[in-house]
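Okay, structure first, notes after.
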Amino acid sequence: MSFTCKDTKLDGVKLITPATAFEDFRGDYVEIYNRDIYRNAGIVADFKQDDYATNRKHVLRGMHGDDKTEKLVKCVYGSLYMVAVQADESHPQFMQWQSFNLTSTNRHQVYVPAKYGIGYLVMSDVGIFHYKQTTYYEETKQFTVKWNDPRAKIWWPVADPILSERDF
């Protein structure tokens, strides 16, 4: 499988298929990040922190972001419905969104610039969401766009997801 990096309908958001994948009777091998390859594709982010979250089916996390952090996100296990929404009120695409189906088998990644909120809904029994970020996590600096904000009109495949208090 060769590396691909495609622009999306949202300014700066990119859909990526990893550079290396090898499969045989033992399993598979995937190179999920190579700084030089990503920089050659225009993603020059200086990632500082990696995190992952494990959640059960129909948990919706997000929509969170801040004005400084760039993210590279993927599904390590299971299946996720991921959404990015432009949250900068001064941007012409304010409250426009795009969804992505991220699975451990399609290996897609999404690069998301600062000022976007991101969230995801777990579609499999268990899902593991991984993200690299260019700043150290500071919850007090984050904004939240409600998953059902009427300005964005985001379509979710589940009408009544499992939410944290922060995301209600």
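The values are calculated or read from the model by the stated rules, or taken from the named source; none is laboratory data. Since this is a predicted model, take the numbers as computed values, not measurements. Glycine gets a Cβ as well: all are built from the backbone with ideal geometry, and neighbour counts include every protein chain shown.
Here are the numbers:
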item	result
Number of positions in the range 32-63 that are outside any strand (DSSP E or B) and crowded, with 21+ Cβ neighbours inside 10 Å	1
Output for the range 83-116, where each listed residue is surrounded by 24 or more Cβ atoms within 10 Å (Cβ to Cβ) and touching a Ser or Thr at 6+ places or on another chain (Cβ under 7 Å)	Val83
Residue in the range 127-145 that is nearest to Ile162 (Cα to Cα), counting only those that are of a type in the set (Ser, Thr, Tyr) and crowded, with 16+ Cβ neighbours inside 10 Å	Thr144
Matching residues, the range 1-27, being surrounded by 12 or more Cβ atoms within 10 Å (Cβ to Cβ) and assigned to a strand (DSSP E or B)	Thr4, Cys5, Lys14, Leu15, Ile16, Thr17, Thr20, Ala21
Whichever residue in the range 117-126 is touching a Ser or Thr at 6+ places or on another chain (Cβ under 9 Å) and of a type outside the set (Gly, Ala, Ser) and, among such residues, is surrounded by the most Cβ atoms within 10 Å (Cβ to Cβ)	Val122
Tally, over the range 112-158, of residues that are among the polar types (S, T, N, Q) and under 19 Å from Tyr81 (Cα atoms)	3
Residue check for Asp66: at pLDDT 95 or above and either surrounded by fewer than 16 Cβ atoms within 10 Å (Cβ to Cβ) or of a type in the set (D, E, K, R) (or both)	yes
Lys74 being crowded, with 20+ Cβ neighbours inside 10 Å and either closer than 28 Å to Asp160 by Cα or in contact (Cβ under 8 Å) with a residue 60 or more places away in the chain (or both)	yes
Residue pairs meeting the criteria (Cβ under 9 Å; at least 6 apart or on separate chains; first in contact (Cβ under 8 Å) with a residue 60 or more places away in the chain and surrounded by 15 or more Cβ atoms within 10 Å (Cβ to Cβ), in the range 149-168; second in a loop (DSSP other than H, G, I, E, B) and of a type in the set (S, T, N, Q))	Ala152/Gln96; Ile154/Asn148; Trp156/Asn148
Test result for Asp50, acidic (Asp, Glu) and at pLDDT below 95	no
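Rundown of residues vs (1) out of contact with any Gly (no Cβ under 8 Å at 6 or more places or on another chain); (2) closer than 22 Å to Gly42 by Cα; (3) among the charged types (D, E, K, R); (4) at pLDDT 95 or above, yes/no style:
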{"site": "Glu89", "(1), (2), (3), (4)": "yes, no, yes, yes"}
{"site": "Pro92", "(1), (2), (3), (4)": "yes, no, no, yes"}
{"site": "Gln96", "(1), (2), (3), (4)": "yes, no, no, yes"}
{"site": "Gly119", "(1), (2), (3), (4)": "no, no, no, yes"}
{"site": "Thr134", "(1), (2), (3), (4)": "yes, yes, no, yes"}
{"site": "Glu138", "(1), (2), (3), (4)": "yes, no, yes, no"}
{"site": "Trp155", "(1), (2), (3), (4)": "yes, no, no, yes"}
{"site": "Glu165", "(1), (2), (3), (4)": "yes, no, yes, no"}
